[in-house]
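Engineer: Shown below is the structure under consideration.
Every number in this text was worked out from the coordinates using simple rules, so none of it is lab data. This one's a predicted model, so the numbers in the text were calculated from it and none came from an experiment. Cβ placement follows ideal geometry from the backbone for every residue including glycine, while neighbour counts extend to all protein chains displayed.
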Amino acid sequence: MTVQHPNSFRTQPDERGHFGQFGGRYVAETLMPLILDLETEYRKAKDDPAFHAEFEDLLEHYVGRPSPLYFAPRLTEELAKDAAPGMGAQIWFKRDELNHTGAHKINNCIGQILLAMRMGKTRIIAETGAGQHGVATATVCARFGLPCVIYMGATDVERQAPNVFRMKLLGAEVIPVQSGAKTLKDAMNEALRDWVANVHDTFYIIGTAAGPHPYPELVRDFQSVIGREARAQMLSRTGRLPDLLVAAIGGGSNAIGLFHPFLDDPSVKMLGVEAAGYGLDKDHAASLAGGRPGILHGNKTYLLQDADGQIIEGHSISAGLDYPGIGPEHAWLKENGRVDYTSVTDDEALGAFQLLCRTEGIIPALEPSHAIAAVARIAPTLPRDTIILANLCGRGDKDIFTVAGHLGVTL
Ligand SMILES: Cc1ncc(COP(=O)(O)O)c(C=O)c1O
């Protein structure tokens with residue numbers, strides 16, 4: 001049974017890692033002892049003030065936290081232009097794109113590498129899609145002097161060339177994965193294979209709030225710094241909580257990181273934004289909108305699959321959102337109704353990308369551009385005193401070649 005306190009949505013998974021019917025640990029027998037060790041070590045770390053102190057020190061002095069909370073005046077005005085009188089919500093951003101390495105991924109990598117070292121592991125592996133998690137993992141490995149192997153789908157290696165070069169500069173070995181659609185799902189399969197073969201010395205740093213228990217819980221906990229900071233910053237700047245939180249969803253780590261500290265604030269609504277790709281009736285990556293429950297990568301969750309249960313490849317303009325699944329806690333939050341989920345197409349995300357560049361002088365990654373597009377849809381329908389807080393979870397440097405290609409510009 002999932003442990004849920006009455007009137008609380010801040011669920012801890014049960015002892016086998018279930019959030020409602022979702023989650024769990026569906027892994028090979030050879031991995032079970034390691035998964036159990038990881039859980040034991042994580043429980044100890046969670047109760048150890050020295051672990052928290054080191055985590056927080058690195059977040060402050062190495063990552064550059066707290067990230068700012070920013071009111072976006074010109075975007076707010078632009079979106080209010082066509083709204084009815086008195087309408088047009090205020091738009092605020094949590095600026096996690098200003099973190100070292102340019103995205104939220106580093107928060108989780110710092111937490112997991114500290115855990116790896118507590119466990120005496122001497123080799124790190126990871127999977128990556130957009131390359132942001134790979135860069136963040138290679139970064140913490142360089143910082144702590146551990147060898148690092150990154151699995152990356154061959155398609156992603158091509159479309160995220162600058163990040164591949166960054167990882168190599170940081171000393172990581174990048175292994176292009178040639179199986180399947182050669183994207184994130186295939187990279188994760190390959191990383192799991194490596195882990196099974198090398199459990200004695202290897203720690204697998206998973207990049208999103210998915211995978212077998214306890215990963216969804218521990219990634220969420222490490223990313224919750226986003227929501228904790230945002231909550232305190234919003235209270236101190238405005239004296240109240242935001243009305244609506246919005247975040248893009250690949251596997252769901254930046255979204256759950258923002259949402260979790262607000263789950264028990266009933267006045268705060270939440271919206272997760274999946275990638276609708278070419279449209280929900282065509283190729284997309286919206287597992288909640290277009291998928292059904294199944295098992296992948298060690299956990300039960302909503303997955304894109306065909307009638308025979310074969311996983312369908314996700315499509316999104318954004319390499320970080322094309323995962324065909326979603327973290328199990330989101331599947332649970334959808335089913336219990338605490339969080340709403342919507343989706344945004346490639347074209348809408350491209351439009352939002354350009355809108356933020358022009359109105360605020362901020363070049364966002366294509367992933368949070370999905371959140372911005374959802375904000376652009378909703379803000380004009382809400383009263384002027386409504387506060388929307390969206391997570392700007394990555395900066396757009398890595399995406400300028402993709403965007404140029406879509407705009408017909410040759411660089
Ligand atoms: C900038 C950025 N945002 C969002 C995501 C999606 O991941 P998640 O849903 O775990 O936050 C990625 C994944 O690579 C990313 O690079």
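Engineer: Would you please classify the overall shape of the stretch 305-368 from the alpha carbon gyration tensor, given that a ≥ b ≥ c denote the square roots of the eigenvalues, rounded means a/c under 1.5, and beyond that prolate means a/b larger than b/c while oblate covers the rest? The partial results should precede the final answer.
Structural biologist: Details: a/c = 3.02, a/b = 1.65, b/c = 1.83.
Taking the square roots of the gyration eigenvalues as a ≥ b ≥ c, the stretch 305-368 is oblate.
Engineer: Quick one: length gained pulling E60 to T122 fully straight, 0.36 nm per residue minus the C-alpha distance?
Structural biologist: So the extension gain works out to 19.8 nm.
Engineer: Quick one: putting +1 on the C-beta of Lys and Arg, -1 on the C-beta of Asp and Glu, what dipole do you get for the chain around its Cα centre, in Debye to the nearest 20?
Structural biologist: Approximately 600 debye in magnitude.
Engineer: Oh, and also: Principal axis lengths of the chain from Cα atoms, whole Å, largest first?
Structural biologist: 64, 53, 48
Engineer: When a/c reaches 1.5 or more, the comparison of a/b and b/c decides; with that in mind, is the stretch 259-360 rounded, prolate or oblate per its Cα gyration tensor?
Structural biologist: Verdict is oblate for the stretch 259-360.
Engineer: Follow-up question, since we're still on this one. With a ≥ b ≥ c taken as the square roots of the eigenvalues of the C-alpha gyration tensor of the stretch 285-411, please select rounded if a/c is under 1.5 and otherwise prolate if a/b is larger than b/c or oblate if it is not?
Structural biologist: It comes out oblate by the Cα gyration axes.
Engineer: Give me the distance in nm between label points sitting 7 Å out from Cα along the Cα-to-Cβ direction at A197 and D48, one decimal.
Structural biologist: The answer from the label model is 3.1 nm.
Engineer: Another question, if that's okay. What FRET efficiency comes out for the pair D37/Q310, r = Cβ-Cβ distance, R0 = 56 Å, nearest 0.05?
Structural biologist: Plugging the Cβ-Cβ distance into 1/(1 + (r/R0)^6) gives 0.95.
Engineer: While we're here: Which FRET efficiency value, to the nearest 0.05, is calculated for F401 and C357 with the Förster distance at 22 angstrom and r the Cβ-Cβ distance?
Structural biologist: Here the calculated transfer efficiency is 0.90.
Engineer: Which Cys in the chain stand alone, with every other cysteine's Cβ at 4.7 Å or more from theirs?
Structural biologist: C109, C357, C393
Engineer: May I ask you to derive the relative contact order of the chain, considering only C-alpha pairs under 8 Å and at least 6 residues apart, and to give it as an integer percent?
Structural biologist: So the answer I get is 20 percent.
Engineer: Give the value in nm², to one decimal: projected area of the alpha carbon convex hull of the stretch 105-197, averaged over all directions.
Structural biologist: 5.4
Engineer: With both bridge residues required to lie in the chain, what share of the DSSP beta bridges run antiparallel, to the nearest 5%?
Structural biologist: 35
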